[in-house]
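Okay, structure first, notes after.
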Amino acid sequence: MYKVTLSMPIYNVAPYVERALLSALNQTFESIEFLLVDDKGTDNSMEIVRRIIKDHPRGKDVRIIEHPYNIGTGATKNTAIDNAQGEFLFFMDSDDEITPDCIQLLYDKMKEDNVDFVAGSFTRCKGGRNNVIQDCILPDLTIREDKALAKYYYYKMNVFYVPTWNKLYNLSFIKKNNIRCISYHINEDLLFLFRIALNSHSFSLVSNVTYYYYLIDNSTTVVQSKIGESIKSINQYKDVISAMRLSCFYSDSDYYYYGYLFVDNYLMNIINISFSLIKSKMISIVDKREMLKYYCDVSS
């Protein structure tokens, strides 16, 4: 049995997947199962993946699971949860990169503290490691109490980065609490981290940078695609908020406030990104009006 399962979705990432996959395969930590989920993209990403694992010494530790058709990033993470053979689970995106000692650092902290999950710090880059946009450094700490993550965020107003990646999760904790992602292509982390916040009794943060998050080029094509993504994101938030209102999570008043705290955090991120798009000269007046219409709708 592997100690860690490292999961990576593969979908239309041909320019980046070699960098991401090699950073995973070249980890100093030895007992890793590499679980790659093929979400049926339209480029040659999987050809690149198969070439790499064929020639790499750790190719024998790679397992590929194929979706029947493109389902979305959230679904790839649910597939990983259902099929992981490791004691602990780590998510990374296939256009990012991890440091060689990433898994070793997070695993050592997990074994030392025996917590529900461990989160590492990360660096935002554009294009490559030499073009650093921001170092996102967490404090070194461990917290043990009921609803540990929610209370840490709510009462102390501390920064906590919402994405599922760059965290080592105790897989038994994930399965015991039926923690899942929503099966969307973007912003799939919302419900997952909401449930983590409600169910976690312990977690540790590490100040070491273990992950490089790469920003995509702001080309005209990317900007236009982000218009649809931003509008879709707002609709997804509305769906999730409605589901939360109807769920048993809101039977406790504490859950209500903690839940909305995380939702507000997500909404602010989307609104900030979308307003930057509205100011872009590459977006038509018609598109800008449509986006403003969605802002008014979601805030009502």
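Results, tabulated for the structure shown:
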| item | result |
| --- | --- |
| Residue within the stretch 31-50 that is buried (at least 19 other Cβ atoms within 10 Å of the Cβ), in contact (Cβ under 8 Å) with a residue 60 or more places away in the chain and not small (Gly, Ala, Ser) present | yes |
| Cross-chain or 6+ apart pairs with Cβ under 6 Å, the stretch 182-200 first and buried (at least 21 other Cβ atoms within 10 Å of the Cβ), then modelled with pLDDT of 80 or more and of a type in the set (Ser, Thr, Tyr) | 188/73; 189/164; 192/164 |
| Within the stretch 208-222, considering residues that are farther than 28 Å from residue 27 by Cα and assigned to a loop (DSSP other than H, G, I, E, B), the one modelled with the highest pLDDT | 218 |
| Residues of the stretch 102-125 that turn out to be under 18 Å from the mean Cα position of the chain (by Cα) and over 11 Å from residue 209 (Cα atoms), as a count | 5 |
| Tally, over the stretch 159-207, of residues that are modelled with pLDDT under 95, among the polar types (S, T, N, Q) and in a helix (DSSP H, G or I) | 1 |
| The stretch 16-30, residues that are of a type in the set (A, V, I, L, M, F, W, C), outside any loop (DSSP other than H, G, I, E, B) and buried (at least 16 other Cβ atoms within 10 Å of the Cβ) | 17, 20, 21, 24, 25 |
| Matching residues, the stretch 112-134, being of a type in the set (D, E, K, R) and either assigned to a strand (DSSP E or B) or modelled with pLDDT under 95 (or both) | 124, 126, 129 |
| Count of residues meeting criterion [at pLDDT 95 or above, of a type in the set (Val, Ile, Thr) and either surrounded by fewer than 17 Cβ atoms within 10 Å (Cβ to Cβ) or not in a strand (DSSP E or B) (or both)] in the stretch 60-111 | 6 |
| Residue that is assigned by the TED database to the domain that holds residue 170 and in a strand (DSSP E or B), where the choices are 49, 37, 13 | 37 |
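Residues checked against (1) under 20 Å from residue 20 (Cα atoms); (2) in contact (Cβ under 8 Å) with a residue 12 or more places away in the chain; (3) not hydrophobic (A, V, I, L, M, F, W, C):
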position	(1), (2), (3)
55	yes, no, yes
60	yes, no, yes
72	yes, yes, yes
103	yes, yes, no
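The values are calculated or read from the model by the stated rules, or taken from the named source; none is laboratory data. Not measured: the values here are computed from a predicted model. Every residue, glycine as well, gets a Cβ built from its backbone with ideal geometry; the counts of neighbours run over all protein chains shown.
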